Amino acid sequence: MMTNLFSVFDPSTNIMSLSLNWLSTFLGLLLIPSIYWLMPSRYNILWNNIMLTLHKEFKTLLSPGGLVGSSFIFISLFSIILFNNFLGLFPYIFTSSSHLTLTLTLALPLWLSFMLYGWINHTQHMFAHLVPQGTPAILMPFMVCIETISNVIRPGTLAVRLTANMIAGHLLLTLLGNTGPSLPTSLLSLLIITQIALLVLESAVAIIQSYVFAVLSTLYSSEVN
């Protein structure tokens, strides 16, 4: 029976119409309790250093008028996307970040909260932001339309960017892996090397995409103050 090429991303494992694949999203929670009852390991020290570096960077990206501790929202966002991206690289684990269901759920509420906060508390600033400084009067109506459209599509671009990058790499790994049985023995070693190189590349993409998602969310929030 022929299956769809995208069936590898289909959350079809279920019991009593409850999809079990999405439970992979919560596997990252298994790594958290050990921080509280084990002696600090190299992993914990490394993770704490990463969190501290991100905190410092997000603090500089956020406007000075931002709420104290708001950078931790984006650190948590980075962490959950990073866990999901990396877990998807393991065999037989469903990649939840390759679905718009998850990525839009993360991007849309964030963007809506920024917009509501900005338009309610800083209405004049939000109107001024629709027309860039130095725009000729004749182009102002067009600039308002362009800026409005670019604002509205922001959650979509955030979600689609993450989903597309996750799907592209996983599809390539799947397609190359499926050619293995039909390849001659002399080319198998080349296929394995290629798969390992792609896996390293996907690991880098997992880190970069979670960082890009968190940084862009931070920049969007800094614009409303």
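Read-outs: derived from the displayed coordinates by stated rules, not from any lab. As the structure is a prediction and not an experimental result, all values here were calculated from the model. Note: ideal-geometry Cβ built from the backbone for every residue, glycine included; neighbour counts use all protein chains shown.
Things worth noting here:
- Between the helical axis of 100-121 and the longest alpha-carbon principal axis of the chain there is an angle of about 10 degrees.
- Helix axis angle, 42-61 relative to the chain longest principal axis, alpha carbon, degrees: 30 degrees
- Cut-off 14 Å, label 7 Å out along Cα→Cβ of LEU20, residues of segment 72-110 by amide N: 92-94
- Cα Rg over Rh - the chain, Kirkwood: 1.05
- Length released on extending from ILE93 to ILE207, taking residue separation times 0.36 nm less the Cα-Cα span: 39.3 nm
- Sorted on the mean count of surrounding Cβ atoms within 10 Å across their residues, most packed first, peptides 180-187, 54-61 read 54-61, 180-187.
- Using the Karplus relation 6.51 cos²θ - 1.76 cosθ + 1.60 with θ = phi - 60°, the per-residue 3J(HN,Hα) values for segment 70-81 come to 5, 5, 5, 4, 6, 5, 5, 4, 4, 5, 5, 5 Hz, with x marking Gly and Pro.
- Sorting the segments 70-81, 191-202, 168-179 by their residues' average number of neighbouring beta-carbon atoms within 10 angstrom, most packed first, yields 70-81, 168-179, 191-202.
- The three principal axes of the Cα atoms in segment 103-225 give end-to-end lengths of 68, 30, 18 Å, sorted in falling order.
- The slack in the chain from PHE127 to SER186, taken as 0.36 nm per residue of separation less the alpha-carbon distance, amounts to 14.8 nm.
- Remark: the chain carries a charge dipole of roughly 260 debye about the Cα centre, counting +1 on each Lys and Arg Cβ and -1 on each Asp and Glu Cβ.
- Translational D in µm²/s for segment 31-124 (Stokes-Einstein at 10 °C, 1.306 mPa s, Kirkwood Rh from C-alpha pairs): 100 µm²/s
- Helix 154-178 axis, angle to the chain major axis (alpha carbon atoms, nearest 10°): 10 degrees
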